[in-house]
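Since the structure comes first, as structure tokens, the remarks are kept for the end.
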Amino acid sequence: MEKIKNLADLRKMKEGMLGKMSLRENSNSSEAIIQIKVGMATSGIASGAKETMNYLITELDRRDIKALVMQVGDMGYCHSEPTIEVTIPGKEPVVFGKVDTVRAEEIIDKYIVKGELVEGILPANYRTI
Amino acid sequence: MAIKMHILVCGGTGCSASSSHEVIAELNKELEAHNLTDFAKVVVTGCFGFCERGPIVKIIPDNTFYTRVKPEDAKEIIEEHIIKGRKVNRLLYVAPDTNEHVSDSKHMEFYKKQVRIALRNCGFIDPENIEESIAREGYAALGKCLTEMTPAQVIEEIKKSGLRGRGGAGFPTGTKWEIASKSRVGEQKYVVCNADEGDPGAFMDRSLLEGDPHSILEAMAICGYCIGADHGLIYIRAEYPLAIHRLQVAIKQAEEYGLLGEDIMGTGFNFTIELRYGAGAFVCGEETALIHSMEGKRGEPTFKPPFPAQSGYLEKPTNVNNVETYANIPVIINKGADWFNKIGTEKSKGTKVFALAGKVNNVGLIEVPMGITLREIIYEIGGGIKGGKKFKAVQTGGPSGGCLTEKHLDTPIDYDSLVAAGSMMGSGGMIVMDEDNCMVDVAKFYLGFTVEESCGKCTPCRVGNKRLLEILTKITEGKGTMQDLEELKNLSNVIKDAALCGLGQTSPNPVLSTINNFWDEYVEHVTEKKCRAGQCKALKQYVINPDVCKGCTACARACPVGAISGTVKNPHVIDQSKCIKCGTCYEKCKFGAISIK
């Protein structure tokens, strides 16, 4: 293990650790950042929710967009899996259906980056407590 | 595949005692069994504060907060939550007011009003991993002080922040450091951390050391830089084995990383830290007694002055601060005094950690901004009084403090308002009492503690407190007189004025404050021989209601001293002079004919 010889070393180590801690840091301030829930029930997984989730995490990370991607259970839209729910701070959650990696990219490009709505929004049919 | 979920499990003393370590082992086993080790990982953290319902397991990123998790629940958590994303409802916290499951920690009343500065890393990082601490700005404040600030500038910043000692008396920390820095310049000096937490029911310092030891080490080094010391000592009681272990690990890691030792971060500043174990005497929390104990002498206080800043450990200038005080230092340096002094009240800045205990629904460790009211603490964070009973008083400041009552519920809490209300901040124990607590009995409990912990060096404390306890015992046994009540007051004031150290000077506080706030109860004990809370056993009277008694003889046969007389099918009578108030008759009666007066 390398000794920390100066302040720059300490800062470098801190930067190096950020990736490992970002999950916790982001969840700490979850209201302030974009939250994406991916439906990962049987029907979701069967229609490729895992690939969608992996894509979202890597792509958002690559673009340096601070977001919290979580897996959740069945959201009740088995006809339109994989489904994701995107909550931009200060806005109502929006649910998108049939999100494969292509659609996921479109959602990041248009809704998350520019705030434009995209085709294929599902009406919210529930309220969470 | 990158790790997408963190499973945080509390490894503090409270949760360890309810076998959180087995939960950790089971969770790891299940992760391995399902090939999920590259998807989720278990992190052992410090205290989440919600000790009432440990062991606590928190799932990141969704902040799901599972309480009272048993080892056998691990399988369900992994298979349902981690794999399928479905929360395990039965393990969620249930809000006491609405009886609904609370989905995550963000929605828990317990956390809503809290501001975590000293506890910023507790329950968030793995305390045995220095890199997680560094990721959270650990040692950045030390680096900033050593490279960008002079000692005088650091002291000025601390003074400007308005930080006051969190050990109880509330002395301004910056001023304390300034005195130590100007004392006997150029000589060997020492930095001491007082981790001798002795109040009954207090566990703030222990949780801090267990959850975030590096912040304390860092702050001690900053203090050393300011006052010109190259060595620090942490005085910790031997009955805190986990905190000691975490400190040992932390010191070793900090030395390996070059953050303690010689030439720290290439600045030429040297600082080392060692641990000193105390045997758990309450008086050793007093700084002069603490220093004597560290020197290997008897843990007895000496008269101040000289203050430790002039002549402390080994007769060298020494700065003594409490654990929580140190925990605030790195944040003040990193975020600036102006950020810190916006929190709190005019004369008490920042936050205070309290160990909330007693008759509240949510017992635990909380950190709140100064100026919060007792009502917010008890009814919002604490979730109200257990069993819907009536609030009676809060004891703050432990054996040195006093009671606050209903009329103080809306007083903003800070150092000065608590003193004005006849109590004190103390180190942060907060014991909530309901209608079932007898205030004379409470005073007696604290006096019993003080008598046992008095070192015996000065007469007012050694003899005076013993006499106080005797009078209180007399009153609770129904033998007190009005003269006794007057003597309680007089003697208390004499001890306050004449005792040598802080322990003796404050030991009559529980008596004086209960007399002030609950005079009626004292008088009732003396004149009516009645304890309204039913706590003073000798004042209890078991009485048989002749209208309800069927004369079944069950009570008479059960009475161990033959105090009950009566014939079959006729009402029985209890002879009060023989009765030993054991309550057996009360339990045996099938007709509810026996009542307690």
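We did not get these values from a lab; they are worked out from the coordinates using the rules stated. In this text, all values refer to a predicted model and were calculated from it rather than measured experimentally. Cβ: placed from backbone, ideal geometry, glycine included. Neighbour counts: every protein chain shown.
Report, in cubic angstrom per residue, the convex hull volume of the C-alpha atoms of the stretch B:540-596. List each step's numbers first, then the result.
Working: hull volume 3.6 nm³, N = 57.
Per-residue hull volume (Cα only) is 64 Å³.
With a Cα-only, solvent-free Debye model of the stretch B:11-69, what are the log10 I(q)/I(0) values at q = 0.19 Å⁻¹?
-0.68
If you count the DSSP beta bridges with both ends in the protein assembly as shown, what percent of them are antiparallel, to the nearest 5?
55
For B:K113 and B:E406, FRET efficiency with R0 = 30 Å and r from the beta-carbon atoms, rounded to 0.05?
0.90
Which percent, nearest 5, of DSSP beta bridges in the stretch B:351-434 are antiparallel?
In the stretch B:351-434, DSSP labels about 80 percent of beta bridges as antiparallel.
Go through B:535-543, B:461-469 and give me the packing order, highest mean Cβ count within 10 Å leading.
B:461-469, B:535-543
Within 10 Å of each Cβ of A:8-20, how many other protein chain Cβ atoms are there on average?
Numbers: counts 4, 5, 11, 3, 0, 7, 9, 1, 3, 8, 1, 3, 8.
Partner Cβ neighbours, averaged per residue: 5.
Starting from the Cα of B:L275, move 7 Å in the Cα-to-Cβ direction to define the label point; list residues of the stretch B:218-260 whose amide nitrogen is under 15 Å from there.
Zone members listed by number: B:233-255.
Assuming R0 = 35 Å, can you tell me the calculated FRET efficiency for the pair A:D61 and B:A25, based on Cβ-Cβ distance, to the nearest 0.05?
Working: r = 32 Å, r/R0 = 0.91.
Efficiency for this residue pair is about 0.65.
Could you work out, residue by residue across B:61-67, how many beta carbons of other chains sit within 10 Å of that residue's beta carbon, and then give the average as an integer?
Partner-chain Cβ atoms within 10 Å, mean over residues of B:61-67: 4.
Would you kindly compute the Cα radius of gyration of the stretch A:15-129 and its largest Cα-Cα separation (Dmax), both in Å?
13.6, 43
What share of the DSSP beta bridges in the stretch A:30-122 is antiparallel, in percent to the nearest 5? Please report the intermediate quantities before stating the final value.
On the way: 9 of 15 bridges.
The answer is about 60 percent antiparallel.
What does the convex hull of the Cα atoms come to per residue for the stretch A:69-129, in Å³?
About 99 Å³ per residue, rounded to a whole number.
Taking the Cα centroid of the stretch B:154-232 and of the stretch B:5-20, what is the distance between the two, rounded to the nearest whole Å?
When both Cα centres are located, 29 Å separates them.
Can you sort B:L146, B:L242 from fewest to most other Cβ atoms within 10 Å of each residue's own Cβ?
Placing the least packed residue first, the sequence is B:L242, B:L146.
For a 27 Å ceiling on Cα separation, which of these pairs sit above it: B:K359/B:K537; A:K66/A:K98; A:K5/B:K4; A:K14/B:K335; B:K347/B:K457; B:K70/B:K444?
In this structure, A:K5/B:K4; B:K347/B:K457; B:K70/B:K444 exceed 27 Å between Cα atoms.
So what is the 222 nm mean residue ellipticity for chain B from helices alone, if each DSSP H run of at least 4 adds -39500 (n - 2.57) and you divide by all residues, rounding to the nearest 500 deg cm²/dmol?
About -9500 deg cm²/dmol.
Order of B:R298, B:R120 from fewest to most other C-beta atoms within 10 Å? Before the final figure, lay out each step's value.
Working: B:R298 13, B:R120 21.
Lowest to highest Cβ neighbour count: B:R298, B:R120.
Could you work out the mean count of beta carbons from other protein chains within 10 Å of each residue's beta carbon in B:262-268? Write down the numbers at each step before the final one.
Working: counts 0, 2, 3, 8, 7, 2, 0.
Mean partner shielding for this stretch: 3.
Applying 1/(1 + (r/R0)^6) with R0 = 30 Å to the Cβ-Cβ distance of B:I580 and B:E486, what FRET efficiency is obtained, to the nearest 0.05?
Efficiency at R0 = 30 Å is approximately 0.45.
Can you work out the Karplus-derived ³J(HN,Hα) for every residue in the stretch B:432-444? Use 6.51 cos²θ - 1.76 cosθ + 1.60 with θ = phi - 60°, whole Hz, and x for glycine or proline.
For the stretch B:432-444, the Karplus curve yields 8, 10, 10, 4, 7, 8, 8, 6, 5, 5, 4, 4, 5 Hz.
Which residues does a label at B:D497 reach in the stretch B:461-478, if reach means a backbone N under 18 Å from a point 7 Å past the Cα toward the Cβ?
B:461-465, B:468
In what sequence, highest mean first, do B:478-489, A:50-61 appear when ranked by Cβ atoms within 10 angstrom? Can you show the working numbers first?
Details: B:478-489: 15.2, A:50-61: 18.6.
Packing order, densest peptide first, comes out as A:50-61, B:478-489.
By counting other Cβ atoms within 10 Å of each Cβ, how are A:L122, B:L374 ranked from fewest to most?
Result, fewest neighbours first: A:L122, B:L374.
Tell me the Rg and the Dmax, in Å, that the Cα atoms of the protein assembly as shown produce.
Expressed in Å, the Cα Rg and Dmax of the protein assembly as shown come to 29.7, 93.
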